[in-house]
1. Taking 7 Å along the Cα-to-C-beta vector as the label spot, tell me the residue 133-residue 94 distance in nanometres, rounded to one decimal.
2. Report the full-extension gain for the segment residue 184 to residue 197: residue separation times 0.36 nm, less the Cα-Cα distance, to one decimal in nm.
3. For region 7-132, what is the relative contact order in percent, using Cα pairs closer than 8 Å and at least 6 residues apart in sequence?
4. Please find the FRET efficiency linking residue 118 to residue 12, where r is the Cβ-Cβ separation and R0 is fixed at 25 Å, and quote it to the nearest 0.05.
5. Would you mind ranking 233, 76, 179 so that the residue whose beta carbon has the fewest other beta carbons within 10 Å leads the list?
6. Once label points are set 7 Å from the Cα along Cα→Cβ at both residue 276 and residue 240, what is their separation, rounded to one decimal in nm?
7. Once you have the Cα-Cα distance between residue 125 and residue 173, take 0.36 nm times their residue separation minus that, and quote the gain in nm to one decimal.
8. Please compute the volume of the convex hull spanned by the alpha-carbon atoms of region 174-292 and report it per residue in Å³.
């Protein structure tokens, strides 16, 4: 039995919460439930789950619950966790798309009840395993490590091994996270940045962006100001409040240049702006400077 791992089952139905807890109790010791929507934030912050199971019988309720956590909780974005959603067969395609975009981490077909308790248990085991491997440095940090070792005189005997490690490390590509809900803009940015040796990943909402940070730490974030859930300024403020993300540079991307937007973005911790429609040369110069650490 797994002990010490906190698993929170969220739903409005006490009977569903009890059912899920019953299915998990043989494998996991610390399974708690949250069935009062008015205490959702309090329950999450109290139990600080490593795995959150959304057991709502309606997909919209599950989305509303999770979005509410990110809007109202001051801790949810700072607490690494994996989110599993239980769904019915009518929502399979929609849930698949949401997981693919990073809103949730995995889904389990649960209604009508498939009597496959091991599928749910396996999903939780896999989520916990992923949690155990989330503390991964960014590509630039991996590349920098041998250099830091090589700079220490007392480690001179290890210089050659360090250099041997540096060669494959140099092949780690920087990761750039684009937070933008317009998929047309995704295509534009992919085309403009295609010549750069980077991994480009996307999130379409502030919620998805904050969740993505716990799965893959980017070296640079391009953050749209106008997002459909949490605005880009507030998303930046939240990620900058977390020590492990505070040093990631954020470049706001916007079609607006109002002074108030600029001021609020800088207060939130943004480092620069890129104005839409993008000038390719300007955008490339900004991305290169931040990835190389040569920005002013």
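Each value in this text was obtained by applying a stated rule to the coordinates, not by laboratory testing. This one's a predicted model, so the numbers in the text were calculated from it and none came from an experiment. All Cβ positions, glycine included, derive from the backbone under ideal geometry; neighbour counts span all protein chains shown.
1. 3.2 nm
2. Extra length available between residue 184 and residue 197 comes to 2.5 nm.
3. Numbers: 181 pairs, mean separation 30.7, N = 126.
Relative contact order here is 24 percent.
4. Details: r = 26 Å, r/R0 = 1.04.
The pair residue 118/residue 12 has a calculated efficiency of 0.45.
5. 76, 233, 179
6. Result: 2.1 nm between the two label points.
7. Details: separation 48, 0.36 × 48 = 17.28 nm, distance 2.97 nm.
Extra length from residue 125 to residue 173 when fully extended: 14.3 nm.
8. Details: hull volume 11.0 nm³, N = 119.
In region 174-292, the Cα hull volume divided by residue count equals 92 Å³.
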